[in-house]
Amino acid sequence: MRFVKTKTAEQQSCLMLHRTRHLFIRQQTAVINAIRAHLAEFGIVAPVGRNGVEELLDVFADPSDASVADPKAFRSARDFSAWIGLVPKQRSSGGREKLGNISKQGDRYLRGLFTAGALAVIRYAKIHGFKHRPWLTTLLARRPTKVAAIALANKISRMAWALMARSERYREPVALAA
């Protein structure tokens with residue numbers, strides 16, 4: 001039986017760096033292949049490798065492409081949030097308003113992103129306090145966390161529409177900045 005000396009901490013850390021680099025390269029290749037495959041379904045084909053992905057990114061960065069939705073196509077922020085599927089179903093009659101669950105129609109991916117962002121805001125506020133978010137404080141006092149998260153996601157989507165429609169950048173409110 002041959003015995004091998006144990007590696008030193010420096011040797012072990014050097015091997016760890018090499019393995020981590022190898023892992024990142026494999027992940028990068030997987031992401032590149034996934035992007036190429038998804039776009040090939042739409043008929044957009046690019047050469048294999050990193051250069052091919054850079055060509056694809058140039059296609060997406062083209063402002064004259066009509067495949068990106070124009071925020072001004074929506075009449076209001078409510079129409080945008082309804083397109084995502086963040087507004088409640090309405091079953092109202094006789095002047096009596098009855099709101100149900102969200103419609104879940106529209107863009108499932110965007111809806112998930114807005115909801116995840118809203119849950120993150122609520123989680124952060126529960127840890128660090130609600131003093132800068134009185135609207136959220138009163139909502140969470142009346143409703144369960146997930147219902148409040150959907151309402152907050154709806155509000156965030158409407159803010160996003162307003163920023164896109166006006167071609168503005170987000171400015172943190174003074175109350176949150178302090």
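Taken together, the values in this text are just the output of simple stated rules run on the coordinates, not laboratory data. Everything numeric here is computed off the predicted structure, so don't read it as measured data. Every residue, glycine among them, receives a Cβ derived from its backbone with ideal geometry; neighbour counts consider all protein chains shown.
For the reader, a short list of remarks on this structure follows.
- Along its principal axes, the range 112-175 has C-alpha extents of 34, 27, 17 angstrom, given from the largest down.
- 24 Å Cα-Cα threshold exceeded, pairs from 89/131; 72/146; 131/155; 126/155: 89/131; 72/146
- Loop-exposed trypsin sites (Lys or Arg not before Pro) per DSSP, neighbour cap 11 Cβ within 10 angstrom, longest uninterrupted part of the chain: 8-74
- Between residue 105 and residue 146, full extension at 0.36 nm per residue minus the direct alpha carbon distance yields a gain of 13.0 nm.
- When you restrict to C-alpha pairs under 8 Å that are six or more residues apart and normalise by the size of the chain, the relative contact order lands at 17 percent.
- Shown for 92, 76: other C-beta atoms within 10 Å of each C-beta, ranked fewest to most, produce the order 92, 76.
- Value at 222 nm in deg cm²/dmol, rounded to 500, when DSSP H runs of n ≥ 4 in the chain each add -39,500 (n - 2.57): -20000 deg cm²/dmol
- The angle between the Cα long axis of helix 9-40 and the main principal axis of the chain comes to about 50°, on a 0 to 90 degree scale.
- The slack between residue 169 and residue 18, meaning 0.36 nm per residue of separation minus the straight C-alpha distance, is 50.3 nm.
- Linear extension gain, residue 40 paired with residue 126, 0.36 nm per residue minus alpha-carbon span: 26.6 nm
- Taken one residue at a time, the phi angles of the range 157-165 give Karplus couplings (6.51, -1.76, 1.60, θ = phi - 60°) of 5, 5, 5, 4, 4, 4, 5, 5, 5 Hz. Gly and Pro are set to x.
- Volume per residue that the Cα convex hull of the range 9-60 spans, once the total is divided by residue count, Å³: 71
- Semi-axis lengths, Å, the range 71-177, gyration tensor of Cα atoms, sqrt of 5 times eigenvalues: 23, 20, 13
- Net +/- balance of residues flanking residue 91 in space, Cβ distance below 10 Å, scoring K and R +1, D and E -1: +2
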